[in-house]
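Novice: Pasting a structure here, questions to come.
Read-outs: derived from the displayed coordinates by stated rules, not from any lab. For clarity, every value in this text was computed on a predicted model and none was experimentally measured. Counting neighbours? That spans all protein chains shown, and the Cβs are built from the backbone with ideal geometry, glycine included.
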Amino acid sequence: MTTDPYRSTGQPERPELPGEAREQAPPPPGHSAPPIRGRSVPPAPPPPIEPSGGTTPSPASPTTRPMAEPAGPDATGSPQSVRAAAPSGRDDDLSDEDLRLAAEAQAGSDDWMSGPPPGKAEAFWPSFKRMLGLLTDFKPTLAVIALASIIAVVLSVAAPKVLGEATNVIFEGVLSSAMSGTTKEAAVAALEERGMGDMADMLRALDIRPGEGIDFVRLRGILLSVLALYVGAAFLNWLEGYLLNQITIKSLYRLRSQVEDKIHRLPLSYFDRMQRGELLSRLTNDVDNVTNTLQQSLSGALTSILTIVGVLGMMFSISWKLALVALIIVPLSGLVFGIIGPRSQRAFTRQWARTGRINTRVEESFSGHALVRVYGRTDWTRESFAQENEELYQAALKAQFLSGIMMPILMVIGNLSYVAIAVVGGAMVASGSLRLGDVQAFIQYSQQFSQPLSQLGGMATAVQSGTASAERIFELLDAEEETPDAGESAGGVPAGAPAGPGVIEVEHVRFSYSPDTELIRDLSLRVEPGHTVAIVGPTGAGKTTLVNLLMRFYEVDAGRILLDGRDTASMTRHDVRRRTGMVLQDPWLFEGTIRENIRYGRPGATDAEVEAAAQACFVDHIIKALPQGYDTVLEEDAANISAGERQLLTIARAFVAGPSVLILDEATSSVDTRTELLVQRAMNALRQGRTSFIIAHRLSTIRDADTILVMEHGDIVEQGSHDELLAAGGAYARLHASQFAEDA
């Protein structure tokens, strides 16, 4: 499972229950709990569990955050009312955990209708400029996009004005038909004599030729012009979107490639510090968020700004009085956005945060269902779900109310503006200071004016969220990389040089994960070809650290490590690791056939070599007993075979690689005793003729090792054979006595 980096609280520690410290997966795509109202309000989400014992970071077991588990019942048997959230009484406070949970839940549900995932960049402008810099390689295309946007806006803004002329032609044609048999001047004089001065002024301002009727030739020309303007604007909008999608997709393709390449250049220490769920979120959710920002917000912002400028210009060109009337909606709409907008955004963030929590609760309950039953926590689990479901209900109700009330208020403001424009415009038409078609065009412009204002308000949040995502991606891209390989330029070993017999020499090595705490102070040893060296000691003694140094997952602080007489620091990491095979405590198999998983150790291996490796590792008969044999497809996490069979397959994979140095890191710790014997036989076959290192807690698995190293606090305190160390009565003898006390 993928570790969820967001389930952390600040509550006191409590003892860990068996089986609790496991990794937490983020909600799967499309999984979102509906807001079903709960009936009771029990205690709150849990404090985190600290894993018992310390472990040294290793490639096999990167640092992870344990599953969050609620506090246990108190002395009375009722759950404790402990909550890790925003301070009580401050409903608007949103913690970093809330923001991250909300982003995870919303991204997992693929629902973008309620706005972009929440987030805020720590350094907005530098990150924003760098995000825009992703498009700098496409400047000519960007210029074409900008030109197309400008022309499209000009055409769409000009269309209502031209269409207003069509209205004038129809209106004036109808009036001219009604005035047949008289002249315009006579009609105006007659109106003035009757005291209808406003009607006379209106008639005087119109271009009327009594008796001619509607000029259909002119009307047809105007309507064709309007059609051409709208078609041209639509085509340019399509071209703009097409080109923008092209360069955005190419830019994000390049960004994903950069991130992928960066991952392979990062040292293992980076993955020890970074939660895997956080890293996956940056590679998926954040990249998608940046894509949406570049595709939608930035292009929409340019179009909206140009539209606002163009529409304002046209409105003032028609009538500055009507323009001032129309601008009244700007402060009113801004007031609505300023009051309701932030509250709505926080409410939706809180809704998604509660969704993330309830998704986590459901996943924990199902994956740990047996544990819940064993410890009698069914009622507590049900009450915890009911409380979080109630919180989701309340959060969703508030979010939907705030978002639902926004549009009605804006519509009322828009309608008031429409009424004001119609009344004032009608009076101006009646007074002859404005033509009817101009009022019609102005009403269209007022509608065009309000829409981009609303869009810009929404884009501000989207750009802020996209910039926050870009900032997290750039943090990954700027992370310190592992030191470059020396290779041939520094006199190193050419890549692909023949592997030697496997002599390992460690000379006065010093190493520490942090400068203030030295782990290995002065370690020296020599391992002859074909020998098996077992490394034992308490947790945190430095056993896995030594393996990490041999594999160059970390670089030594002082001293050197020699492989067949050559300093590994002068060799490429690939050359060091291709000579080494590893079998880890937790077997890793990918979704594919068994044959493909074994061949992963050496892609060029033939089917015969794959089957020979399986036979040598005593897993061939197990594979052939499966319905499809070697072509059996392993499910996710290889769930369709047992733990022992998974471990045997990883041993066969190491066998087919043919390494000169073999590292077995607790390879039998997760299997039962019967399977351990089978795995032990496979490991013995794999070790034949190879320099081998075995890290083990079960001392029964290392009795036949040529040399046993006992490590404490990064130092070798004892070394010798099994019998020699027992006779010495030192640290190894104490370990042996404590482990086999029951047998004694």
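Novice: Give me Met428, Met406 sorted ascending by neighbouring Cβ count inside 10 Å, so fewest comes first.
Specialist: Working: Met428 20, Met406 16.
By the 10 Å Cβ count, ascending, the order reads Met406, Met428.
Novice: I'd like the distance between the alpha-carbon centres of the stretch 167-223 and the stretch 530-563, rounded to an integer number of Å.
Specialist: That distance is 99 Å.
Novice: As an exercise, use a Förster radius of 22 Å and the Cβ-Cβ distance of Val231 and Leu327 to find the FRET efficiency, rounded to the nearest 0.05. Write out the running numbers ahead of the final one.
Specialist: Working: r = 31 Å, r/R0 = 1.41.
Given R0 = 22 Å and the Cβ-Cβ separation, E is 0.10.
Novice: About its Cα centre, how strong a charge dipole does the stretch 357-479 have in debye, to the nearest 20, once Lys and Arg get +1 and Asp and Glu get -1 at the Cβ?
Specialist: About 340 debye.
Novice: Here's something else I'd like to know. Can you give me the Cα centroid spacing of the stretch 684-701 and the stretch 395-425 in angstrom?
Specialist: So the separation of the two Cα centres works out to 75 Å.
Novice: Also: With +1 on the Cβ of every Lys and Arg and -1 on the Cβ of every Asp and Glu, and nothing else charged, how large is the dipole of the stretch 547-664 about its Cα centre, in debye rounded to the nearest 20?
Specialist: Values: 13 positive and 17 negative charges, 102 e Å.
Dipole size: approximately 480 debye.
Novice: Can you put Met274, Met459 in order of Cβ neighbours within 10 angstrom, beginning with the fewest? Let's see the in-between values first.
Specialist: Working: Met274 17, Met459 20.
Ordered from fewest to most neighbouring Cβ atoms within 10 Å, Met274, Met459 come out as Met274, Met459.
Novice: May I pose another question? Assuming a ≥ b ≥ c are the square roots of the Cα gyration tensor eigenvalues, decide whether the stretch 212-299 counts as rounded (a/c under 1.5), prolate (otherwise, with a/b larger than b/c) or oblate.
Specialist: Values: a/c = 10.29, a/b = 4.69, b/c = 2.20.
Prolate.
Novice: Same structure again: Determine, for each peptide in 643-653, 259-269, the mean count of other beta carbons within 10 angstrom over its residues, then list the peptides with the highest first. Spell out each step's value before the answer.
Specialist: Working: 643-653: 24.5, 259-269: 13.9.
Descending mean neighbour count gives 643-653, 259-269.
Novice: Per the Kirkwood formula on distinct C-alpha pairs, the Rh of the stretch 135-477 is how many angstrom? Before the final figure, lay out the partial values.
Specialist: Details: mean 1/r = 0.0394 Å⁻¹.
So the Kirkwood estimate lands at 25.4 Å.
Novice: Same structure, new question: What are the residues whose amide H is under 5 Å from the amide H of Met582, where those residues sit 5 or more places off or on another chain and H is modelled from the backbone?
Specialist: Ile663
Novice: Placing +1 at every Lys and Arg Cβ and -1 at every Asp and Glu Cβ, with all other atoms neutral, what dipole size does the stretch 500-739 have around its Cα centre, in debye to the nearest 20? Don't jump to the answer; show the numbers that get you there.
Specialist: Working: 24 positive and 34 negative charges, 76 e Å.
Around 360 debye, computed over the stretch 500-739.
Novice: Evaluate 2.2 N^0.38 Å with N set to the residue count of the stretch 500-739, then give the Cα radius of gyration divided by it.
Specialist: On the way: Rg = 18.3 Å, N = 240, 2.2 N^0.38 = 17.7 Å.
After normalising by residue count via 2.2 N^0.38 Å, the value is 1.04.
Novice: While we're here: Which lysines does Lys321 reach when only Cα atoms under 19 Å apart count, and residues fewer than 8 places away in its own chain are ignored?
Specialist: Lys321 reaches Lys161.
Novice: Calculate the spin-label point distance for Thr284 paired with Leu147, positioning each point 7 Å from the Cα along the beta-carbon direction, and give it in nanometres.
Specialist: 4.2 nm
Novice: When Lys and Arg each count +1 and Asp and Glu each count -1, what net charge do the other residues less than 15 Å away from Phe216, Cβ to Cβ, add up to? Mind showing how you got there, number by number?
Specialist: On the way: positive: Arg209, Arg218, Arg220; negative: Glu165, Glu172, Glu212, Asp215.
Result for the local shell: -1.
Novice: What are the ³J(HN,Hα) couplings of the stretch 400-409, residue after residue, when phi is run through the Karplus curve with 6.51, -1.76, 1.60 and θ = phi - 60°? Round to Hz, x for glycine and proline.
Specialist: Whole-Hz 3J(HN,Hα) from phi for the stretch 400-409: 5, 5, 5, 6, x, 7, 5, 5, x, 5.
Novice: Also, quick follow-up: Can you compute the FRET efficiency between His574 and Ile409 using 1/(1 + (r/R0)^6), with r the Cβ-Cβ distance and R0 = 60 Å? Round to the nearest 0.05.
Specialist: Numbers: r = 63 Å, r/R0 = 1.06.
Efficiency at R0 = 60 Å is approximately 0.40.
Novice: Straight-line reach only, C-alpha to C-alpha below 22 angstrom: list the lysines that Lys120 could link to, leaving out same-chain residues fewer than 8 apart.
Specialist: By straight Cα distance, Lys120 reaches Lys129.
Novice: What is the extension gain from His369 to Ser431, computed as 0.36 nm multiplied by their sequence separation minus the C-alpha to C-alpha distance, in nm to one decimal? Walk me through the intermediate numbers first.
Specialist: Details: separation 62, 0.36 × 62 = 22.32 nm, distance 7.99 nm.
Difference between extended and current length: 14.3 nm.
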